[in-house]
Amino acid sequence: QVQLVESGGGSVQAGGSVRLSCAASGRAFNTYAMVWFRQAPGKEREFVSAIARSDSTIYADSVKGRFTISRDNGKNTVYLQMNSLKAEDTARYYCAARRSIVVARITDAYDYWGQGTQVTVSS
């Protein structure tokens, strides 16, 4: 069982940066694939980025080159560094986990979810 708690959201102007954190409780964090999704009002939850336990990463095209996902297994934490933020990045950002060597881009693949943290980008 894994419990996830996101933090680091807030309000920022377009072009600014924010770093989100997702702290995981439980054991064997290093065996989990971790992901960030986001959901804007009235829209479906969408994939942002994922990191495998091998540290390989994937990104949505909309954030590639601007966002960086990383993990610190010693701290049981995954991060999302978001730079060059745009108004369309405004959403609630969710962290999720699955105990697998394979990352996925779909919500159904993930077993554990945090409550999310809001990021609002003003233009």
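Taking the conditions exactly as written (touching a Leu at 6+ places or on another chain (Cβ under 8 Å) and assigned to a loop (DSSP other than H, G, I, E, B)), does Gly15 satisfy them or not? Full working, then the answer.
Values: touching a Leu at 6+ places or on another chain (Cβ under 8 Å): yes; assigned to a loop (DSSP other than H, G, I, E, B): yes.
It is true that Gly15 is touching a Leu at 6+ places or on another chain (Cβ under 8 Å) and assigned to a loop (DSSP other than H, G, I, E, B).
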Do we have any residue at all in the range 64-82 that's farther than 19 Å from Gln3 by Cβ and among the aromatic types (Phe, Trp, Tyr)? yes
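Here is a yes/no grid of residues against (1) open to solvent by less than 10 Å² (accessible area, probe 1.4 Å); (2) under 13 Å from the mean Cα position of the chain (by Cα); (3) not basic (Lys, Arg):
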residue: Phe37; (1), (2), (3): yes, yes, yes
residue: Pro41; (1), (2), (3): no, no, yes
residue: Phe47; (1), (2), (3): no, yes, yes
residue: Ile51; (1), (2), (3): yes, yes, yes
residue: Ser56; (1), (2), (3): no, no, yes
residue: Tyr59; (1), (2), (3): no, yes, yes
residue: Leu80; (1), (2), (3): yes, yes, yes
residue: Val102; (1), (2), (3): no, no, yes
residue: Trp113; (1), (2), (3): no, yes, yes
Subset of the range 50-72 [farther than 18 Å from Ile106 by Cβ and small (Gly, Ala, Ser)]: Ser54, Gly65, Ser70
The correct count of residues that are charged (D, E, K, R) and either open to solvent by less than 70 Å² (accessible area, probe 1.4 Å) or touching a Lys or Arg at 6+ places or on another chain (Cβ under 9 Å) (or both) in the range 1-22 is 1
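The values are calculated or read from the model by the stated rules, or taken from the named source; none is laboratory data. These figures come from a predicted structure and were not determined experimentally. Positions of Cβ are generated from backbone atoms using ideal geometry, with glycine treated the same way; all protein chains shown enter the neighbour counts. Remember, those area values only see protein heavy atoms, side chains included, never the ligands or the DNA or RNA. Shrake-Rupley method; radii C 1.70, N 1.55, O 1.52, S 1.80 Å.
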